[in-house]
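Report on the following structure.
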Amino acid sequence: MNCSEMSLILQRVREENPLVHNITNVVVTNFTANGLLSLGASPVMANASEEVADMVGISRALVLNIGTLNRELVSSMILAGKTANELGIPVIFDPVGAGATPFRTEMAQLIINEVKISVLRGNAAEIANVLGEKWEIKGVDAGEQQGNNVELAINAAKKLNTIVVITGKEDVLTTGETTYLVSNGHHLLTKVTGTGCLLTSVIGAFAGVEKNLVHAALSALTFYGIAAEKAIEKVGNMGPGSFQIEFLNQLALVTSEDIHQFASFKQL
Amino acid sequence: MNCSEMSLILQRVREENPLVHNITNVVVTNFTANGLLSLGASPVMANASEEVADMVGISRALVLNIGTLNRELVSSMILAGKTANELGIPVIFDPVGAGATPFRTEMAQLIINEVKISVLRGNAAEIANVLGEKWEIKGVDAGEQQGNNVELAINAAKKLNTIVVITGKEDVLTTGETTYLVSNGHHLLTKVTGTGCLLTSVIGAFAGVEKNLVHAALSALTFYGIAAEKAIEKVGNMGPGSFQIEFLNQLALVTSEDIHQFASFKQL
Amino acid sequence: MNCSEMSLILQRVREENPLVHNITNVVVTNFTANGLLSLGASPVMANASEEVADMVGISRALVLNIGTLNRELVSSMILAGKTANELGIPVIFDPVGAGATPFRTEMAQLIINEVKISVLRGNAAEIANVLGEKWEIKGVDAGEQQGNNVELAINAAKKLNTIVVITGKEDVLTTGETTYLVSNGHHLLTKVTGTGCLLTSVIGAFAGVEKNLVHAALSALTFYGIAAEKAIEKVGNMGPGSFQIEFLNQLALVTSEDIHQFASFKQL
């Protein structure tokens, strides 16, 4: 995959405005919707069991996020996910806080067992805990524990038979066979809530227009990291509030030229 | 209605700080509350069936919004709406995403059947679907289908016996007999989530101080569009993030002079 | 308590990044999480009865906020609160809108009866209504009624056997025996939704690192007010949108030097 192909996928997101159905947490709904709109996608949030199957039926991607889960919401996620599977609509799953409580781990594993996940995205601790490894996690943020994220991602991809994205200082993307590292991004993203969640939804938007999901996810990761870098270039050390707003701006402003100039990824 | 009358209503909102009770969706709660505060109104959000009747009883307007509906929430809306009707408190209804799923259409129609709506605000697809016309809608955003919004609004107002506001490139406001067009506004509003929802709540704030609801809604529409125009004048093409923040600023900053200088509406 | 001690507590928040478990309302989740992140704390939101006890068990403070309450949420709050009490984790309670409806007053009192509260924070009307005094409240905002906030706070602290913080033009902090007044802050905070709620969570963050809860709360109040003053100094009268973002910036930027220079509190 090269920068021209990435740019083309971004362009298609902006032209086709794919409808992305998000069943997500109450902390990030607004930021997720604004991020998707800024990028050029069309967000919809719908959780009621009476409508999730219909809503996913008109969508181009489904994003599931357990940040503020409860049993009813998980039921809706599974119902929507199964419908998406039947219709061939990609399902992107963000197991927020898996490992922080037994309930989160259990529900994340239930979703993965019931729904065929296209792309699983989390921090290292979340992915490890989904796999059943006891990796320390701090609430919904990655803990201090360091490990080999590449190995972890490959293990997860093989065991769960899905594309796995582990974000951190460097992002890992793998099918279990093919693995990419992306080094775009900026640590200030960890100071704005929901930047991981929004990334998952942005992967959804890219997956909504590009059938090759490795290409879609890799493009989304690179694009997202570049937007963060451009935002930092603009706001410097003004603070996390200004960064959040400028990041939303940059999701609309990153160009093909930016991708060619700044993309930093490699296949392992 | 002229600009002096509009300015006076805006001034009364800022002086009387009407309490607006919102039963709305989880995507826009924060933005709606901040928009109402910025304007000078006093927002409250309360959904529990145990308290909605009491809360509406101390409010000057009730805003219902089905953006992330479920049956329990709709029950609370109907309970609050019936109480508002008994007390003579205006009810503003935003049928977000009506037509996107059968459940939304059904619930929107249920609310309209059970509650006397003072002002119904939506995009063309939502209003058409509430009326039972199969108009294409894309999630919660207006679809591509073009039609005669004036005719649609007048039909809806007559059939549903309420004031109808259809927002779009031009906004239509009608009682079925008297019709206004408002051309203030800016297309970047569609790149910020909840700007339609917030407009509905702003109509609520204006209706909270002005009994003539056509005047209240027309003033709200014009004021809101001018705020968007002034925001664009300030942030240019910095992006949707900056626009969102400057728009919140302008809701506090639009003056009587701005209304006299920029208001662009006409009676048909 | 002096400015050096305050600065040290702030420094410890930023070094230890205490995990703060918030069971809060859907209007302020995003703003609360961003404010805590900006300050240097680590926010988590979890409401499900299946996990709140586990989540509080890994947290350094628990914040309860009834802004958009329902019975299920209150049950989760009580469960989490009792667990926090057993584990010796401080519980900060924000009785949003107590007095606005009988349901809110009743639920606030239920929580106080079931859970040992470490710090109770509200506006004067909320605290009065929690105490059973019929003090006028306007939705979730303080009403017009003026009273002696110091007396009210001392009464509440004695009756409820907890530290009480009443915020307003001047903030009062009291154990019932020892009382402080803080005059840092800015009235524009009332034009941004959730600034009271976020303050309650910031008190939680400070209480997460400092066992002397009077020192923790007093430091939090002073720090928070200084952040607001510095934000105003930066954005002037640009409007509530810009103030909101700059305030988030300042939560990250306030230094020990700022505390020494700007802190304005006194013991009565």
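Which of the residues belonging to the range B:139-163 are of a type in the set (A, V, I, L, M) and without any contact (Cβ under 8 Å) to a residue 40 or more places away in the chain? Let's see the steps before the verdict.
Keep residues of the range B:139-163 that are of a type in the set (A, V, I, L, M), which gives B:140, B:142, B:150, B:152-154, B:156-157, B:160, B:163.
Listed by number, the residues that qualify are B:A142, B:L152, B:A153, B:I154, B:A156, B:A157.
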- Task: Give the range B:232-268 a look and list any residue that's surrounded by fewer than 20 Cβ atoms within 10 Å (Cβ to Cβ) and in contact with a Cys (Cβ under 7 Å, 6 or more places away or on another chain), or say none.
- Result: B:H260
- Message: I need every pair where a residue in the range C:111-138 that is touching a residue at least 40 places away in the same chain (Cβ under 8 Å) has its Cβ under 7 Å from the Cβ of a residue that is charged (D, E, K, R) and not in a helix (DSSP H, G or I), sequence separation at least 6 or different chains.
- Response: C:R121/C:D94; C:G122/C:D94
- Out of (1) under 24 Å from A:N30 (Cα atoms); (2) more than 18 Å from the chain's Cα centre (by Cα); (3) not β-branched (V, I, T), the one B:L120 does not meet is (2)
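Name every residue in the range C:148-165 that is out of contact with any Gly (no Cβ under 7 Å at 6 or more places or on another chain) and open to solvent by less than 40 Å² (accessible area, probe 1.4 Å), in order of residue number. I'd like the intermediate steps shown before the answer.
First pass over the range C:148-165, keeping only residues out of contact with any Gly (no Cβ under 7 Å at 6 or more places or on another chain): C:148, C:150-153, C:155-156, C:159-165.
Residues satisfying the conditions are C:V150, C:L152, C:A153, C:A156, C:T162, C:I163, C:V164, C:V165.
Those residues that are over 15 Å from C:I203 (Cβ atoms), facing chain A (nearest Cβ under 9 Å) and buried (at least 24 other Cβ atoms within 10 Å of the Cβ), I need them from the range C:52-65; list them, please.
In the first step, residues of the range C:52-65 are kept if they are over 15 Å from C:I203 (Cβ atoms); the result is C:52-58.
Subset that is facing chain A (nearest Cβ under 9 Å): C:52-55, C:57-58.
C:V52, C:M55 - these are the residues of the range C:52-65 that are over 15 Å from C:I203 (Cβ atoms), facing chain A (nearest Cβ under 9 Å) and buried (at least 24 other Cβ atoms within 10 Å of the Cβ).
In this structure, is C:K82 open to solvent by 60 Å² or more (accessible area, probe 1.4 Å) and over 27 Å from B:P43 (Cβ atoms)?
So C:K82 fits the description; yes.
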- Filtering the range C:92-115 down to residues that are open to solvent by less than 30 Å² (accessible area, probe 1.4 Å) and among the polar types (S, T, N, Q) yields C:T101, C:T105
- Query: So how many residues does the range A:200-248 have that are touching a Pro at 6+ places or on another chain (Cβ under 9 Å) and farther than 21 Å from A:N65 by Cβ?
  - Reply: 1
- Message: If I ask for residues that are open to solvent by 10 Å² or more (accessible area, probe 1.4 Å) and either facing another protein chain (nearest Cβ under 7 Å) or assigned to a helix (DSSP H, G or I) (or both), which ones from the range B:8-27 would you list?
- Response: B:L8, B:Q11, B:R12, B:R14, B:E15, B:E16, B:V26, B:V27
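Somewhere in the range A:215-225, is a residue in contact with a His (Cβ under 9 Å, 6 or more places away or on another chain), open to solvent by less than 50 Å² (accessible area, probe 1.4 Å) and among the small types (G, A, S)? Talk me through it step by step, then tell me what you get.
Let us first name the residues in the range A:215-225 that are in contact with a His (Cβ under 9 Å, 6 or more places away or on another chain), namely A:225.
The next check asks that each one be open to solvent by less than 50 Å² (accessible area, probe 1.4 Å); those that pass are A:225.
Checking the rest, the ones that are also among the small types (G, A, S) come to A:225.
Among the residues of the range A:215-225, at least one is in contact with a His (Cβ under 9 Å, 6 or more places away or on another chain), open to solvent by less than 50 Å² (accessible area, probe 1.4 Å) and among the small types (G, A, S), which makes the answer yes.
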- Out of (1) open to solvent by less than 10 Å² (accessible area, probe 1.4 Å); (2) under 21 Å from C:N113 (Cα atoms), the odd one out for C:R71 is which? (1)
- Criterion: facing chain B (nearest Cβ under 9 Å), open to solvent by 10 Å² or more (accessible area, probe 1.4 Å) and under 22 Å from A:L253 (Cβ atoms) - qualifying residue of A:N30, A:N47: A:N30
- Within the bounds of the range B:126-143, is there any residue that is open to solvent by less than 60 Å² (accessible area, probe 1.4 Å), under 15 Å from the mean Cα position of the chain (by Cα), under 18 Å from B:I203 (Cα atoms) and not aromatic (F, W, Y)? yes
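Within the range C:177-188, can you find the residues that are without any contact (Cβ under 8 Å) to a residue 40 or more places away in the chain and within 14 Å of chain B (Cβ to nearest Cβ)?
Our first condition is that a residue be without any contact (Cβ under 8 Å) to a residue 40 or more places away in the chain; within the range C:177-188, this holds for C:177, C:187.
Residue satisfying the conditions is C:H187 alone.
The values are calculated or read from the model by the stated rules, or taken from the named source; none is laboratory data. Computed from a predicted structure; not experimentally measured. All Cβ positions, glycine included, derive from the backbone under ideal geometry; neighbour counts span all protein chains shown. These accessible areas exclude ligands, DNA and RNA; they are computed on the full protein's heavy atoms, side chains included. Shrake-Rupley method; radii C 1.70, N 1.55, O 1.52, S 1.80 Å.
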